[in-house]
1. May I ask you to list the lysines whose Cα is less than 21 Å away from that of Lys74, ignoring any residue fewer than eight positions away on the same chain?
2. Along the charge dipole of region 22-112, Cβ charges K/R +1 and D/E -1, which of Ala34, Asn68, Asn49 sits furthest on the positive end?
3. To the nearest 10 degrees, how steeply does helix 57-73 sit against the main Cα axis of the chain, on a 0 to 90 scale?
4. Over region 1-59, with the other protein chains present, what is the accessible area per residue in square angstrom, probe 1.4 angstrom?
5. Ranked from the most accessible area to the least, with a 1.4 Å probe and all protein chains present, what is the order of Met85, Met108, Met98?
6. Would you work out what percent of the accessible area of the chain, with all protein chains in place, is carbon or sulfur (probe 1.4 Å)?
7. Want the number for Thr94 to Asn49: 0.36 nm per residue separation, take away the alpha-carbon distance, what's left?
8. With springs only between Cα atoms under 10 Å, which of His97, His45, His37 fluctuates most in a Gaussian network model of the chain?
Amino acid sequence: MECIFCRIAQRKQLAKIIYEDDLSVAFDDINPQAPVHTLIIPKKHISTNLDLREEDNVLIGHLFQVANKIARDKGIAERGFRLVMNCNPESGQTIFHMHLHIFGGRRMHWPPG
Ligand code: 5GP
Ligand code: ZN
């Protein structure tokens, strides 16, 4: 079966897309864990961050720029926010199309669970 995040990027599956450009798509998480919980994905299918290649370096930098833009647009930049990328099952990764979570709008706990 085709990757669910590829399907969202191709708009074959509905999601609340809040940002899109040539390289990336950002959409709100279907099961939010904070008042702001958005996922940023590369349009290119990359399963985990372990699969990144040298040629993806610009793409990864770009995902962080998009995260900063979303944090500012959603009004959480100054208060603070958290970026998370899970990698492989023990981290909690469930969707094997790499994605950056952006969490904000509440106090975050440390250490993370
Ligand atoms: P992971 O656990 O792989 O780091 O994160 C996957 C995230 O994707 C979870 O937070 C989950 O709620 C979210 N998710 C799973 N399926 C969908 C979907 O169909 N639409 C949206 N918007 N989020 C999804
Ligand atoms: Zn994919």
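The values are calculated or read from the model by the stated rules, or taken from the named source; none is laboratory data. What you see is a predicted model, and the numbers here were worked out from it, not measured in a lab. Cβ placement follows ideal geometry from the backbone for every residue including glycine, while neighbour counts extend to all protein chains displayed. Each accessible area value is taken on the protein alone, full model and side chains, heavy atoms only, with ligands, DNA and RNA left out. Shrake-Rupley method; radii C 1.70, N 1.55, O 1.52, S 1.80 Å.
1. Straight-distance partners of Lys74: Lys16.
2. The residue sitting most towards the positive pole is Ala34.
3. 40 degrees
4. 63 Å²
5. If we order Met85, Met108, Met98 from most to least accessible, we get Met85, Met108, Met98.
6. The nonpolar share, carbon plus sulfur, comes to 53 percent.
7. Here the segment from Thr94 to Asn49 would lengthen by 14.8 nm.
8. The residue with the greatest mean-square fluctuation here is His45.
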